[in-house]
Every structure is written in C-alpha cells, then in structure tokens.
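The values are calculated or read from the model by the stated rules, or taken from the named source; none is laboratory data. Please read all numbers here as calculations on a predicted model, not as lab measurements. Reconstructed Cβ throughout: ideal geometry from the backbone, glycine too, with neighbour counts over all protein chains shown. Accessible surface is based on the protein model in full, side chains and every heavy atom, while ligands, DNA and RNA are left aside. Shrake-Rupley method; radii C 1.70, N 1.55, O 1.52, S 1.80 Å.
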Amino acid sequence: MRFVYKSLLCIYINWFMAGLFQRLKHIKPLRSVVYAIVGLVSYPGLMILNKLKISGTEHFSKLPKQNVLFVSNHQTYFADVITFLHIFCAVKWGKKDRLGVPYYLLNPFTRVYYVAAEETMRGSFISRFFTLGGAITVKRTWSPDSKIKRKGLDPSDTRKIERALDNNWVITFPQGTTKPFAPGRKGTALIIKKNKPIVIPVVINGFWRAFNKKGLKFKRKGSLLTVNFKEPLQIDYDSPTEDIMKKIMDAIEQSNDYMMKGAHHWSKIGNMQ
C-alpha cells in the first residue's frame with residue numbers, strides 16, 4: 001500500500017506542478033523575468049561565440065498584435081525559439097535586422113507564445129523553466145515509446161493555440177521534428193483555415209551546426225546562424241488543407257522540391273542525422 005500511496009502522490013505532484021507552470025506563464029511580469037534570465041544567458045552564444053545574421057524584420061511593422069502565426073523549420077529544441085524571442089524583443093525597441101546590446105531585455109516583447117511538444121517541456125527543470133516563457137505544450141502526433149500515431153492535434157491542444165492567437169503572436173514548427181525535410185503536420189493547416197491568421201514563414205539555418213539537438217550545448221563555435229523572415233503568405237483560407245500545407249512547406253524551404261535542388265541538401269541531411 002505504501003508503494004501505491006507514493007505513486008499516487010507523485011502523480012498528484014506532477015499534475016499540480018504542470019498546472020502551476022501553465023498558470024504562471026500567463027503572468028507578464030514573471031515572463032519578463034524569464035526572458036531577461038534566458039536572454040542574458042543565451043546572448044553570448046548567439047552573438048559572441050557565433051555570428052547571427054537576421055533579415056526580413058521590416059515585415060513586422062505592419063503586423064497586428066494578435067492572430068499572427070510564424071511558421072518555421074526546426075533545427076534544435078530551444079535555441080531556435082530563444083533566438084526568435086531575442087529578435088522580437090529587439091524589434092520592439094526599434095532595432096532592424098540586428099540585436100545589438102541586449103538592453104531590450106529590460107522591457108521584452110511578451111505577447112508571443114510558441115508551440116512545443118509536451119514530452120520535451122516535461123523533460124527537465126530547465127525545460128519546465130522555459131515553459132514559463134510562453135510554451136503551448138501539445139501532445140506529439142507520434143510517440144516513439146508507445147508506437148501510437150494519431151491523425152492530428154488533440155482538440156484541447158488546438159484550442160490552446162487558438163486562444164493564444166486571440167491576443168498574441170504564435171511560433172510553430174509544422175514539421176514537429178528537427179529532422180530536415182520531414183513532412184509537415186496538417187494540424188498547422190487546419191488551424192490556419194479556421195483562424196485565418198497572418199502567416200509569416202521563417203527559414204533558419206546554422207543552428208544544427210552550432211548547437212546540440214536540444215540547443216543548450218555547443219557543438220561548434222564560430223558558426224553563422226541565419227534567420228530570414230519572409231513576407232506574409234498570400235493564402236486562400238478556403239483551399240484544401242493539402243494545398244495550404246504545401247504552400248507552407250515551400251515557404252519554409254522544407255518541401256520535396258527544395259530537398260531535390262542540389263547535393264548540398266543531401267550533405268546537410270547526412271550531417272544532421
């Protein structure tokens with residue numbers, strides 16, 4: 001019986017802590033503190049030990065403060081998102097295509113959330129801390145442990161993303177994996193069809209070379225990290241899901257057409273696996 005009680009206690013503690021973190025991440029002053037801590041710790045890795053090249057932030061000037069969806073390819077669990085948050089904060093302070101001195105962390109841009117796998121964000125204290133920065137945790141459509149594959153996002157996960165879009169920007173990675181040229185998940189297209197957000201494609205590169213898969217340790221210093229924000233996509237929201245998904249994958253340069261463009265793509269795949 002003691003084992004049963006301990007198990008139930010552990011389940012309750014995990015449930016309570018998960019709920020607590022979900023509530024705390026909506027408190028703006030706390031999120032500002034999280035941004036400042038994460039920003040200060042990560043800044044040297046982006047700007048001193050490596051070189052960050054940003055382009056396309058001029059597209060931000062006409063964006064509303066809500067219902068904007070950034071869709072990007074994915075190379076690490078955390079370094080990609082942290083870089084986006086740096087850029088959004090810098091743009092809020094009037095910077096264009098650069099970070100400069102990170103005084104922008106004194107008053108960061110907090111009206112942004114990012115979609116992340118629930119299992120990833122439960123993995124450690126650090127990942128739980130990152131949750132406070134605005135993670136929208138969703139269940140994977142495929143779990144390597146259970147071998148169970150679902151057809152799309154859980155309805156409750158979809159609602160969480162939709163609620164975030166109501167008053168914020170949201171970052172999502174349609175592939176749901178750091179593996180290059182993996183197919184996009186149609187859940188992204190379904191959310192776009194229903195909510196009709198402004199969709200900003202983002203193409204990143206170099207993160208896989210500079211950081212490990214989690215994006216918390218260096219693999220190689222002196223790497224060029226690039227983040228390119230493209231113009232808002234022109235989307236017919238009444239188009240079939242497949243057509244919207246293809247448009248997204250082309251825009252983030254992860255479609256089959258981009259994979260077949262040249263041998264350098266194949267060398268990237270070999271290096272990243």
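In table form, for the structure just shown:
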quantity: Share of carbon and sulfur in the accessible heavy-atom surface of the range 69-221 [1.4 Å probe, %]; calculated: 55 percent
quantity: Per residue value of the accessible surface for the range 28-68 (all protein chains in place, 1.4 Å probe), Å²; calculated: 54 Å²
quantity: Three semi-axes of the equivalent ellipsoid, the range 148-244, Cα gyration tensor, whole Å, largest first; calculated: 28, 17, 14
quantity: Chain lengthening between Glu231 and Lys65 when straightened (0.36 nm per residue, less Cα-Cα); calculated: 58.1 nm
quantity: Per residue solvent-accessible surface (Å²) - the range 200-252, probe of 1.4 Å; calculated: 52 Å²
quantity: Where Cα atoms sit under 19 Å apart: lysine pairs in the range 67-211 separated by 8 or more or lying on different chains; calculated: 19
quantity: 1.4 Å probe accessible area per residue over the range 85-144, in Å²; calculated: 43 Å²
quantity: Long-range amide H partners of Lys53 with built H, under 5 Å; calculated: Leu225, Thr226, Val227
quantity: Residue-span extension gain [Arg98 to Glu242] - 0.36 nm each, minus C-alpha spacing; calculated: 48.3 nm
quantity: Loop-resident sites, the range 38-142, for trypsin sites (Lys or Arg not before Pro), counting at most 14 other Cβ within 10 Å (DSSP); calculated: Lys65, Lys96, Arg98, Lys139
quantity: Under 5 Å, built H, 5+ apart or other chain: amide partners of Val199; calculated: Leu69, Leu233
quantity: Where trypsin sites (Lys or Arg not before Pro) fall in DSSP loop in the range 171-217, at most 13 other Cβ within 10 Å; calculated: Lys217
